[in-house]
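In what follows, a single structure is set out as structure tokens and then discussed.
The values are calculated or read from the model by the stated rules, or taken from the named source; none is laboratory data. What you see is a predicted model; the values in this text were computed from it and never measured. Glycine also receives a Cβ, built like all others from the backbone with ideal geometry; neighbour counts cover every protein chain displayed. Keep in mind that these areas ignore ligands, DNA and RNA; they rest on the heavy atoms of the full protein, side chains included. Shrake-Rupley method; radii C 1.70, N 1.55, O 1.52, S 1.80 Å.
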Amino acid sequence: MNGAMVFCGTVVHSTKNEYMTILEDTVIGVHHGKIIFIDEPGNVRTLLQAHNIDEDCVKHLGKHQFLVPGLIDTHAHAPQYPNCGKGLDSGLLEWLEKYTFPTEAKCQDPEYALEMYTRTVNCLLRYGTTTASYFATIHYKSSTVLCDVIEKMGQRAFVGKVNMDTNSPDFYVEDTDESLKETERFIQNVIGRKNNLLKPIVTPRFAITCSMKLMSELGKISRKYDIPIQTHLSESLNECEAVKKLFPEFANYTSVYQEAGLITKKTILAHAVHLSDCEMALLKANGAGISHCPNSNISLRSGLLDAQRVISCGIKIGLGTDISGGYSCSMLDAMRMALGVSNVNSIIRQNYQPIDYKQAFMMATLGGSRVLGLEDVTGNFEVGKDFDALVVDAMTESSLAGVEDCDTMEDIIQKFIYLGDDRNIIEVYVAGRRVV
Ligand code: GUN
Ligand code: FE
């Protein structure tokens, strides 16, 4: 069989029933980018024969190597990449005015965007992010440039042209009708590419910079094209106060979006740190998901999300880097930060059970795929899903994540999550195509 790949070795993933399953001595078969079997190695010969696959297609993973699903970043601002690691001296609203809007405004120039987006997507792929949900900018042209770059590099992604028509600086704001027109033009552009890996997403920035008319019309557009929605919700207390002042007739922040038709089963809400029980119930009832962005929440001092509460409410939850509110593009960092935030919650509260590294791993993989509505396509190694995967080597020559002889496979995987970096990610696949 042409174009087939078979991996033999340790496979780590989340399943419906377990946050993490470690399958030592496993074989995974891939054909046309999809997983065609996952089984025990004793059956390798039979499997190869049954699927008419040549022995040459078999790859044996080394002693400290294993396969994990491609990592899923459910919330990233691609145009903010140049701002990563600087300007974190103020809280959210001041930070947006002072650093974020001026940085994004540079994408007025598509040539700048091309060079910058190429570095951004390359960085995410290097770190093992096979799927990302991106905010671009308000500019139609540069948003299509981000799509060009993603297509060329082979990442799986959602891309949204950002909408903002009020409470924004003169140099970075849209007219409401123009914003809607350009959004439809962008959506049609992305759909017209007929690329299965790349999808448009409706992207009102947040309630402060969007009029009710704009948000409601965007809700209609998402229904017209049957596409998802992403926005920010309840990130910082100052932001929540500002929303209360702008929309005094609503009971809470979430209700503002609900009124606009933006709270759906295809909605990704970034942050959602300061939600009341009533708002949580609204999200649950409508099937919306949360993108937990712990690095950002700590770096901008926005607050401490209670991820355990979200999980126990049965609300979908994934992790996001939120570059550049979060300073790191790495989903390994997002997992560690999620563990750190949860540990802080356990220190400041009584009887609080923090999340463990297996839950963090689930949020970075299968959880993310659920939030993005891609659970039938990616997130773990089930037969029929696309092969989005990383080959990890926990002990490369250049890597600091030392492995001791006494370490079990579970120890090695923990070391990768806590200490690993891009040097340990030696191969990256999206739908069976090697992209790094
Ligand atoms: N809220 C509205 N816009 C943004 C943004 O760009 N980053 C973050 N972290 N929060 C936001
Ligand atoms: Fe964000």
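Quick notes on this structure:
- Residue pairs whose Cβ atoms lie under 6 Å apart, separated by 6 or more positions or on different chains, with the first residue in the range 311-328 and touching a residue at least 40 places away in the same chain (Cβ under 8 Å) and open to solvent by 10 Å² or more (accessible area, probe 1.4 Å) and the second in a loop (DSSP other than H, G, I, E, B) and within 14 Å of ligand 1 (Cβ to nearest atom), are Tyr327/Cys84.
- Glu24 touching a residue at least 24 places away in the same chain (Cβ under 8 Å), acidic (Asp, Glu), over 30 Å from Glu235 (Cα atoms) and open to solvent by 10 Å² or more (accessible area, probe 1.4 Å): yes
- Of all residues in the range 391-411, those that are more than 18 Å from Glu427 (Cα to Cα) have Cβ atoms under 7 Å from Cβ atoms of residues that are small (Gly, Ala, Ser) and modelled with pLDDT of 80 or more, 6 or more apart or on another chain, in Val403/Ala394.
- Ile298 vs. criteria modelled with pLDDT of 95 or more and open to solvent by less than 20 Å² (accessible area, probe 1.4 Å): no
- Selection of strands (runs of 3 or more DSSP E) fully inside the range 38-149 by the criterion of at least 2 residues being polar (S, T, N, Q) and open to solvent by less than 10 Å² (accessible area, probe 1.4 Å) returns 129-135.
- Failed item in (1) without any contact (Cβ under 8 Å) to a residue 40 or more places away in the chain; (2) buried (at least 19 other Cβ atoms within 10 Å of the Cβ); (3) within 16 Å of ligand 1 (Cβ to nearest atom), with Glu241 passing the rest: (2)
- Residue check for Leu305: crowded, with 22+ Cβ neighbours inside 10 Å, within 16 Å of ligand 1 (Cβ to nearest atom) and under 25 Å from Thr100 (Cβ atoms): yes
- Restricting the range 292-301 to residues that are of a type in the set (S, T, N, Q) and out of contact with any helix residue (DSSP H, G or I) (no Cβ under 6 Å at 6 or more places or on another chain), the residue that is nearest to ligand 1 (Cβ to nearest atom): Ser296
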